[in-house]
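The values are calculated or read from the model by the stated rules, or taken from the named source; none is laboratory data. As the structure is a computational prediction, the values presented were derived from the model and not from experiment. Glycine also receives a Cβ, built like all others from the backbone with ideal geometry; neighbour counts cover every protein chain displayed.
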Amino acid sequence: MMSADPRKKPSRLRDRFLQAWRPVARRLQVPDDGAGLFFSVVFATILAVGIWAAFYFNPQSASWFPKCPVHALTGLDCPGCGTARALHAASHGHLREAFRYNPILAVAVPFLVVIVIKPRWAKKPSVSWSVFAVAVLWMLVRNLVHW
C-alpha cells in the first residue's frame, strides 16, 4: 500500500474540514484523530444554535421548546428544570430572574468553562462523582425547599 503524498491537496470534504480546523484543535487540546475534532466542532455548532434559540425564543411562550420529562412524569423538578428559561433571562441581562429559575446554573457555567479549557480534568472519576452528588443534592433541595 502506498502512503499518501503530503503535498497532495485533500479531495474529500471531510479532509478539507479537518485540515482547516487542525490549528484550532491544537489550541483547544482536542485529540487530533479526526473523529474527536469533527465531533467537537459538531458539538460546538449545536451549542451555538441552542444559545441562539435561547436568546431569540422565550421558552415559556414557545410551544416547541421541549418540556422536562422528569417533571412531566413525577411532578418533581430535576436539576436542569428551568435552565432554558434561565439562559433566556441571562442572555437578556436579567441575572436575578435567571438565578430564580435555576440557581445551580451559576455554578455550572464556570464549571463548563473549566472543562472546555482543561478537558482531561473532566475525565477524573472524582469529578464525575462530584457532579453526580451535586445534581442529586440540588434535586433534593429544590423539591424540599420552596423558593
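None of A106, A135 is out of contact with any strand residue (DSSP E or B) (no Cβ under 7 Å at 6 or more places or on another chain), touching a residue at least 12 places away in the same chain (Cβ under 8 Å) and outside the structural domain of P23 (by TED's automatic domain parsing) except A135. Suppose we keep only residues that are exposed (fewer than 12 other Cβ atoms within 10 Å of the Cβ) and aromatic (F, W, Y) within segment 72-130. Which one would you say is farthest from the chain's Cα centre (by Cα)? Selected residue: W129.
For I51, are the conditions met, namely being at pLDDT below 85 and in contact with a helix residue (DSSP H, G or I) (Cβ under 9 Å, 6 or more places away or on another chain)?
Numbers: at pLDDT below 85: yes; in contact with a helix residue (DSSP H, G or I) (Cβ under 9 Å, 6 or more places away or on another chain): yes.
It is true that I51 is at pLDDT below 85 and in contact with a helix residue (DSSP H, G or I) (Cβ under 9 Å, 6 or more places away or on another chain).
Looking across segment 51-100, the residues that are of a type in the set (G, A, S) and in contact (Cβ under 8 Å) with a residue 24 or more places away in the chain come down to A54, A84, S91. All told, K8 meets the bar of being over 20 Å from A122 (Cβ atoms) and modelled with pLDDT under 80. Taken as a whole, the condition of being surrounded by 14 or more Cβ atoms within 10 Å (Cβ to Cβ) and closer than 30 Å to D15 by Cα does not apply to A54. The set of residues in segment 57-71 that are farther than 25 Å from F132 by Cα, surrounded by fewer than 15 Cβ atoms within 10 Å (Cβ to Cβ) and either touching a helix residue (DSSP H, G or I) at 6+ places or on another chain (Cβ under 7 Å) or at pLDDT 85 or above (or both) comprises N58, Q60.
Condition check ((1) in the same structural domain as F43 (by TED's automatic domain parsing); (2) modelled with pLDDT of 85 or more; (3) of a type in the set (V, I, T)) across all residues:
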| position | (1), (2), (3) |
| --- | --- |
| C78 | no, yes, no |
| A86 | no, yes, no |
| E97 | no, yes, no |
| I115 | no, no, yes |
| P119 | no, no, no |
| P125 | no, yes, no |
| W129 | no, yes, no |
